[in-house]
1. Per residue of A:208-221, count partner chain C-beta atoms within 10 Å of its C-beta, then hand back the mean as an integer.
2. Using helices alone, I'd like the mean residue ellipticity at 222 nm for chain B: each DSSP H run of four-plus residues gives -39500 (n - 2.57), total over residue count, nearest 500.
3. Taking the Cα centre of segment A:58-288 as the origin and placing charges on Cβ (Lys, Arg +1; Asp, Glu -1), which of A:HIS163, A:LEU216, A:GLY258 is farthest toward the positive end of the dipole?
4. If you line up the Cα atoms of segment A:58-288 on their principal axes, what length do they span on each, largest first, in Å?
5. How well do other chains shield peptide A:141-148, expressed as the mean number of their Cβ atoms within 10 Å of each residue Cβ?
6. What list do you get for A:GLU181, A:GLU283 if you sort them by fewest beta carbons within 10 Å?
7. How large is the dipole of the protein assembly as shown about the Cα centre if only Lys and Arg carry +1 and Asp and Glu carry -1, each at its Cβ, rounded to the nearest 20 debye?
8. Can you give the relative contact order of segment A:58-288 as a percent, counting alpha carbon pairs under 8 Å and 6+ residues apart?
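FYI, it's all coordinate maths here, none of it is from the lab. Bear in mind the structure is a predicted one, so any value in this text is a computation, not a measurement. Heads up, the Cβs are rebuilt from the backbone with ideal geometry, glycines too, and the neighbour counts pull from every protein chain shown.
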Amino acid sequence: MEKWPNNRAWLLVLPVFVIVAFSAIIPLMTVINYSVQDIFGPNQAIFVGFEWFREMLADKRLHDALWRQFLFSGLVLVIEMPLGILIALAMPKKGWGVSLCLVTIALPLLIPWNTIGTIWIIFTRPDIGLFGAGMNSLLGIPFDHTARPLDAWITVMLMEVWHWTPLVALLAYAGLRAIPEAYYQAARIDGASAWSTFLYIQLPKMRGVLTIAFLLRFMDSFLIYAEPFVLTGGGPGNSTTFLSLYLVKIALLQFDLGPGGAFSLIYFVIVLLFSFIFYQALERIGKGDKV
Amino acid sequence: MKGRKKFVGLAIYFILLLVPIYWMLNMSLRSNADILASFALYPKDITLMNYMNIFTDSSWYMGYVNSMIYVALNTAISLFVALPAAYAFSRYQFVGDKQLFFWLLTNRMAPAAVFALPFFQLYSTVGLLDTHIAVALAHCLFNVPLAVWILEGFMSGIPREIDETAFIDGYSFPRFFITIFIPLIRAGVGVTAFFCFMFSWVELLLARTLTVTEAKPISAIMTRTISATGLDYGLLAAAGILTIVPGAMVIWFVRNHMAKGFALGRV
């Protein structure tokens, strides 16, 4: 659909621009300001140029946290996207079941993030948690997310999949509901199998919503903070210290605003770069198979 | 997938989804001493003591009130500014439209930890610190872009002949927008409101940074359960259960919109 060229449309966008810019631009400028200075206290700072960027880029622990973060976000996307689509395909299309499914599935999304961490502490503790105690005494598998790195990872992944798969499922369900019945009828007449119906009709039609789901999941999992902070505190050792947990360690606990600012900007650029690549790639796939 | 297998798979998923929440409910109905003393699949002596503690202590229950005030404000502001903007993005071509759209999205990509301090400085400079409106405005940073994105999808699904016909019939833009266009995407507005509510309700870091006492959100107050004697699991679980309630109520109200809205738009 061709859009009407009209620059007065800016008037309609202006309120959004003002309200977002108010909260976006000044804090961003301030962080850039931090990143090039060594700050000792109020009104005591010296300009250090790109010193902090060099230091941060060479920081071994930052590299470790970054790889951990890539592994985590990669796993999140690989598990949650197919699982969410599968759930959306299985959900009822009409009747009372629709409301029931939507309400239940949205529950984890509406729980504050630190409460999510709390739920999983209570659920997985080896002494009082159903999952932790079940693993230890019923199945005889030693499980303790506070002591063993692998167990900590399993717990964080379980929590993450539990928490966010519903978002993918809800968006995928929305995409599925928007496909006109005529497409399915055509597929039936052609004698298409369920698999080819999925591959050639449902998946291309869901591209728009899946783009949103994919980008939201990438950004939010890459920036994850509160849930692992409450659940594991980044431990045991540094095994679940994701990028933002390490950032908080540097910036707030050691109160080093300069390196913290530089770290934040590097972090921001990484998220921006990957989001941009994903966005462009997903848009291009869309142009290839315009139905 | 065949019908039966589908149903069983879905049922298993929903059970797994509910078990952790059930476990917290179980904990919330037991005293802390009882929780630490024995493992129980269901509460044997149900006590409402944890909930009574919360409902009789104003520093606890005001947390819920504060959270609800700023979340409602944020949802209202986000929708109010995002509706005309989404219309512009879905109907018009203008200088910088694509760049502006992507810039809006980039505001969801900054790590909040270090940005929290400049936020604190900014809002104390303009004298809004420790007010509900400060948190509501700060949450616009990530909710407004999302609202524009979702609404734009719904609006693009409405044929433009409707706009053209209305303008030929002599409708002014505001009158057309409010009396004809918004009712057409009612469902989309419902879905957007749901997402704005959700992301504002669950956010912790900015809300905690921008408030001191007057507008302190419940999620920040929950950290009080950590005392010298360790965690009070019963109280923590009860507070957690209560944070789920408003969200569950919102879903209940918009459930029909969600089903329908999700069916209409490409979101």
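1. Whole-number average of other-chain Cβ neighbours for A:208-221 is 3.
2. Estimated from H runs of four or more residues: -23500 deg cm²/dmol.
3. Of the options given, the answer is A:LEU216.
4. So the three principal-axis extents are 65, 46, 26 Å.
5. 0
6. A:GLU181, A:GLU283
7. Charge dipole of the protein assembly as shown: 1540 debye, to the nearest 20.
8. 27 percent
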